[in-house]
Amino acid sequence: MREERLEMSENGDGGEGKDLRWSPDPGGTVPPKFRATAASTGGGSAPPPPFSDQVLENVLENVLCFLTSRRDRNAASLVCKSWYRAEAHTRLELFIGNCYAVSPARAIERFRRVRSLVLKGKPRFADFNLVPMGWGARLSPWVATMAPAYPWLERICLKRMTVTDADLVLLSFSFPSFHDLSLICCDGFTTIGLAAIAGNCRHLRSLDLIENDVEDDEDEVVDWVSSFPPGNTYLESLVFDCVGCAVNFDALLALVARSPFLRRLRVNEHISSNRLYQLMARAPQLTHLGTGSFSSSGEEGDVEETLKSAFQSSNSLVCLSGFRDLAPEYLHTIYPVCSNLTSLNFSYAQISAAQLKPVITRCHNLQTFWVLDSLGDEGLQMVAATCKKLRELRVFPLDVSEDSEGFVSDIGLAAISEGCHELQSILYFCQRMTNAAVVAMSKNCPELVVFRLCIMGRHRPDRLTGEPMDEGFGAIIKHCKKLTRLAVSGLLTDKAFAYIGLHGKLVRTLSVAFAGDSDLGLRYVLEGCPNLQKLEIRDSPFGDVGLLSGINHYYNMRFLWMSSCKLSMNGCRELARRLPGIVVEVIRDNLEDNAGDAVGKLYMYRSLVGPRNDAPPFVQIL
């Protein structure tokens, strides 16, 4: 529930014969100024020698250094061989959206000066427990290959990867200048690995652990916070709110006190409000704070007053999150910073509209707001009335079951669209929706780039008219000209997918859940969305005919995920036969899963190196 194409153009021969060079041949290719020189000397002197590839590449390298966009760099690398080589020599930041799309050796062979790596592993539906444990995406081969090749590596960001303690130990010893580690939705490591990073990376600036599964047994927890070296640190960001075990608070307090550059701190639920106050007192320079449990845990003293005093002294705070195990009577302590907040995250706090009101009415500068649906439509109406600068809204469900009633509906969505015209991104979980509310949002919020409406009940129609939700999603895709990410759900017919194919020319990521009518709908999408990179479908009626309709389009996509659809093994085999450059994986939940010819999960992706060699037994590569 929480939350790029392989940016490595390998077509090095695409520009053969188009290199930036000239030749002094008699056919007129000599530049005019050299022709004039030759004429003035009676034609007896030859023009200067041609520029070498090396000279041109040196010039290009100085120009390409100013290109920061991955897309721009990819385009530059396809011009010709000289540009391809120069771009590779100057690439300092490497983004790999699928760890199986290229081998570590091949990546390192091309890009030899990388200082920053972003690496993604499992499909996104792993966040919904749809990818079985042990599927793969191990960091081990990557870190083992990079260790000798990238001694100057400074930053690694991993998402949905399996990371072991041995990986973190090797990483901590291999890169002397390493200073930034971000682990997002990863698993496989414990506090032993965290201790290695803290103790061995002497220049560490950020250690961000976000939504990870830290697999510690209670008897094997290591005091990783005490592993940071003595003296002042370079820490700018420390995020460990996902770590389930308690930390040594005295060591944490000392660490914060000797980290003068610390700007972002997010602690876990074991840090109570009284301890939070002590941390804030030693770091008044914080701009981002994750509060931990936000309750007293039975500690003595006037916690509310000390906490309020701490927030009054925190003039730099612009982002607040945490609020686990929220004690509502403490909410008034954050009032002093509300007017400065640009980001507020209540996604772990079961907060009602009445509790939210005195907070949200003070947040006039809020741009990002995450919250549980426990605030109800009334709470969203308060947000709409106050937060006129809101850019991103995420409303998560308190109860994730499909048959729950839910607390928010079309009423809340309509209110947001009427009050927050600058909205660019929305994720909205609900059970009841109308076409009218979605149409209103399409007209009131034309700047939308991301629209993810998750109607959790299966095949839910417009709650007032009983009609499919076709017109609502059709309006979004038609009126929001900047839309690049779309999630659809509810009762939808082929008409909705026809709208997407007709107007979704910029859509790069499409998620479909509990929706669809026939294979024709899938065909509309695959043939009509030229920029589609990621297509993920679950619990929808698409089968082999729809799957095979994308034969001519899959090479342009990064991946396709289909689960609980109507695919057969024969259809998947035919797909693999006709697309030899694509990896087609059929995934079972366990070895005993024997559904005959039916396919429960299909994962298909581009790869420069062919099928992987670490697939577990429940994964069949066709």
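The values are calculated or read from the model by the stated rules, or taken from the named source; none is laboratory data. On a predicted model such as this, the values are computed, not experimentally measured, just so you know. Remember, those area values only see protein heavy atoms, side chains included, never the ligands or the DNA or RNA. Shrake-Rupley method; radii C 1.70, N 1.55, O 1.52, S 1.80 Å.
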* **Carbon/sulfur fraction of accessible area - the chain, other protein chains in place, 1.4 Å, %** => 51 percent
* Asked: When DSSP assigns beta bridges and you keep just the ones with both residues in the chain, what percent turn out antiparallel, to the nearest 5?
  -> 20 percent
* So which of LYS443/LYS478; LYS159/LYS481; LYS357/LYS389; LYS357/LYS443 end up more than 20 Å apart, counting from Cα to Cα? -> LYS159/LYS481; LYS357/LYS443
* **Solution diffusion estimate, µm²/s, Stokes-Einstein, segment 295-392, Kirkwood Rh from C-alpha pairs, 20 °C, viscosity 1.002 mPa s** => 156 µm²/s
* Structure fact -> Shape descriptors of segment 396-440 over alpha-carbon atoms, Rg and Dmax in angstrom, are 11.2, 33
* **Value of [θ]222 nm, deg cm²/dmol, for the chain, DSSP H segments ≥ 4, -39500 (n - 2.57) each, nearest 500** => -9000 deg cm²/dmol
* To do: Give the Kirkwood hydrodynamic radius (Å, one decimal) of segment 398-545, defined as one over the mean of 1/r across all pairs of different Cα atoms.
  => 15.0 Å
* Structure fact -> With segment 77-172 reduced to its Cα atoms and the Debye formula applied, log10 I(q)/I(0) at q = 0.10, 0.16 1/Å amounts to -0.30, -0.70
* To do: Please work out the Cα center distance from segment 353-377 to segment 302-318, rounded to the nearest Å.
  => 20 Å
* Asked: Want the number for SER518 to HIS332: 0.36 nm per residue separation, take away the alpha-carbon distance, what's left?
  -> 61.7 nm
* Asked: For segment 376-391, what does the Karplus curve 6.51 cos²θ - 1.76 cosθ + 1.60, with θ = phi - 60°, yield as ³J(HN,Hα) per residue in whole Hz, taken in order and with x for Gly and Pro?
  -> x, 4, 4, x, 5, 5, 5, 4, 5, 6, 9, 8, 6, 9, 4, 10
* Structure fact -> A correct Stokes-Einstein calculation for the chain, using the alpha-carbon Kirkwood radius, 20 °C and 1.002 mPa s, returns a whole-number D in µm² s⁻¹ of 79 µm²/s
* Per residue value of the accessible surface for the chain (all protein chains in place, 1.4 Å probe), Å² -> 42 Å²
